[in-house]
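Here the structure comes first, spelled out in structure tokens, and everything after it is commentary.
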Amino acid sequence: MTALQKRCVLPFRHHGHRVKLDMQFQKPWKFHNNQVSSLMTDLESIARATADAVAYKYHSALSLFNKLPKHFRLTSYVLCKVARVCFETQRYTAALKEFKELVKRDPYCVEEMATYSSCLWHLNDVTALSCLAHHLNAFAPNRPETLCAAGNSANLGRDSDEAIRFFQSAVKADELFPYGHFLLGSEFSALQQFGKSEDCFRKALAACPRHYNAL
């Protein structure tokens, strides 16, 4: 064992058997002051951009996100936020680019996949939306985001009954998922079932009072 390495043998039980876990520790990374300062500046920018997005200051948020260095700009978190900002400002082609990069870098990401499916719905991309729904179903079949993607795909295929079943399953999977209630309400509204749609929109607002689409 060198001076730079230490080993620690930790006993634990696995299926009732005592096992020794051999762990090797290195000395912690050393950062220079300028590196720490740069890191803190980038993290502050991410925090400010996120706050701006929440406050609907989309132009400011997007500007801050796009000024980040590449190793932060291409993280799943930032890609999700940028894609959502582009979607909320109806820049669907730009949002699509961010979502594609997100899935490429983090294929098991579920966050904002319901929004991704709505982006494809707005772009009328039947094939890509169907592929997204199948992709999500392969590893997260019971997540509301997956069920919303399937519902959007059914809607784009002109199958309202199937879309309603998927959206109902989404809100059953997570009653506090506001976008599921909103999509279900939109489906009922398109069918001129306004009593049911208003009930869904109220539930969306109850789950998230900031969900302005349901207003």
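We did not get these values from a lab; they are worked out from the coordinates using the rules stated. All figures in this text were calculated on a predicted structure; none of them were measured in a lab. Every residue, glycine among them, receives a Cβ derived from its backbone with ideal geometry; neighbour counts consider all protein chains shown.
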Do the alpha carbons of any pairs in Lys81/Lys203; Lys97/Lys203; Lys172/Lys196 sit beyond 22 Å of each other, and which pairs?
-> Lys81/Lys203; Lys97/Lys203
Enumerate by residue number the trypsin sites (Lys or Arg not before Pro) in the range 111-215 meeting two conditions: DSSP loop (anything except H, G, I, E, B), and at most 15 other Cβ atoms within 10 Å of the site's Cβ.
-> Arg158, Arg210
